[in-house]
Each structure stands twice: as structure tokens, then as C-alpha cells.
Amino acid sequence: MLEGWLETNFYHVNWEWSYKHVPRRIIVERFIGLDGKIPLDFKFYCFDGETQAISVCYDRFTPAERWTWRDPSWNVLTFVSRSYPPGPPTPPPPRLAQMLGLARVLSRDFDHIRVDLYCVGDRVYFGN
């Protein structure tokens, strides 16, 4: 599996230009989920330091992977993905205000950037 990842240029998978010339490497990180479950993946889409949309990935890396889009007030946005069905209705993460604050600080020097965060239990983690 690792060899397959190293041979894959992920630029060609989702046409994300930032991956085009990145040397492929394997990075091993400590697992942060609870009870062996992968945590929800929150992606904050920020413009001039302000979050405009949040995508939430459920069941990442499984056949049941789903995505839901939210605004910063946690209202559902009606974006449609051809790749993944929408996720279930869920309450906001318990640390949403903290996550929005972190996204604001991390994105303040950029016209547009995506900030990836996880909320596991009572802790917020930065994703890379």
C-alpha cells in the first residue's frame, strides 16, 4: 500500500496544483482518534483571514466516506459533490469557536487558504 502511495502523483487524482511537484514521502503520525475511529476532518476555507465555508469529512478513507459543507454558524451549505454523498446532520464540534479562532490566526496573511483541523474529545489538532 505504501509503495502505491509513493508511486501516485496526487496532483493527477484531484487536480490539486499544490501537489504537482511535491516529492512523495511517507509521514507517520500518532493516531488521534478515539476507540480506533478516525476523527471527523474539518477543513476551514478562509479568505483574508475569515472562514467562509467548512467542509466536514465523515468516515475518511473508508467506502462510506461522506462530506457536508457548513458556514461558520454551522448552517448547511448546499454544495453537491459528484464523488461523495452528504454526511449526516451533526451538531457543531464542541470547540468550534476555538477552531474558528485558530483558522482566523493561521489564515490572516493569505488571500485564500484552507486550514485543516480535528476536534477529538476536548482537544483541537492542526492537520497537515
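The values are calculated or read from the model by the stated rules, or taken from the named source; none is laboratory data. Small disclaimer: the values here were computed from a predicted structure and weren't measured. Here Cβ is always computed from backbone atoms with ideal geometry, including for glycine, and neighbour counts include all displayed protein chains. Just so you know, the surface numbers come from the protein's heavy atoms only, side chains and all, with ligands and any DNA or RNA stripped out. Shrake-Rupley method; radii C 1.70, N 1.55, O 1.52, S 1.80 Å.
Points to keep in mind about this one:
- Within segment 108-126, the only residue that satisfies the criterion of being touching a strand residue (DSSP E or B) at 6+ places or on another chain (Cβ under 9 Å), open to solvent by 80 Å² or more (accessible area, probe 1.4 Å) and closer than 16 Å to I32 by Cβ is F126.
- Residues in segment 12-30 that are surrounded by 10 or more Cβ atoms within 10 Å (Cβ to Cβ) and either of a type in the set (F, W, Y) or in contact (Cβ under 8 Å) with a residue 24 or more places away in the chain (or both): Y19 only.
- Only residues that are touching a helix residue (DSSP H, G or I) at 6+ places or on another chain (Cβ under 8 Å) and closer than 14 Å to T51 by Cβ were counted in segment 75-123, giving 4.
Residue-by-condition table, conditions (1) on the phi < 0 side of the Ramachandran plot; (2) open to solvent by less than 90 Å² (accessible area, probe 1.4 Å); (3) part of a loop (DSSP other than H, G, I, E, B):
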position: W74; (1), (2), (3): no, yes, yes
position: P91; (1), (2), (3): yes, no, yes
position: L100; (1), (2), (3): yes, yes, no
position: L106; (1), (2), (3): yes, yes, no
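- A search for C-beta distances below 7 Å between a residue of segment 70-81 that is farther than 21 Å from R95 by Cβ and any residue that is in a strand (DSSP E or B) and open to solvent by 50 Å² or more (accessible area, probe 1.4 Å), counting only pairs 6+ apart in sequence or on different chains, returns F79/W69.
- Residue match in segment 23-33 (condition: touching a strand residue (DSSP E or B) at 6+ places or on another chain (Cβ under 9 Å), under 17 Å from G127 (Cβ atoms) and not in a loop (DSSP other than H, G, I, E, B)): no
- All positions within segment 34-66 that are open to solvent by 40 Å² or more (accessible area, probe 1.4 Å) and not in a loop (DSSP other than H, G, I, E, B): L34, K37, Y45, F47, E50, Q52, R66
- Restricting segment 76-89 to residues that are open to solvent by less than 60 Å² (accessible area, probe 1.4 Å) and in a loop (DSSP other than H, G, I, E, B), the residue that is modelled with the lowest pLDDT is S81.
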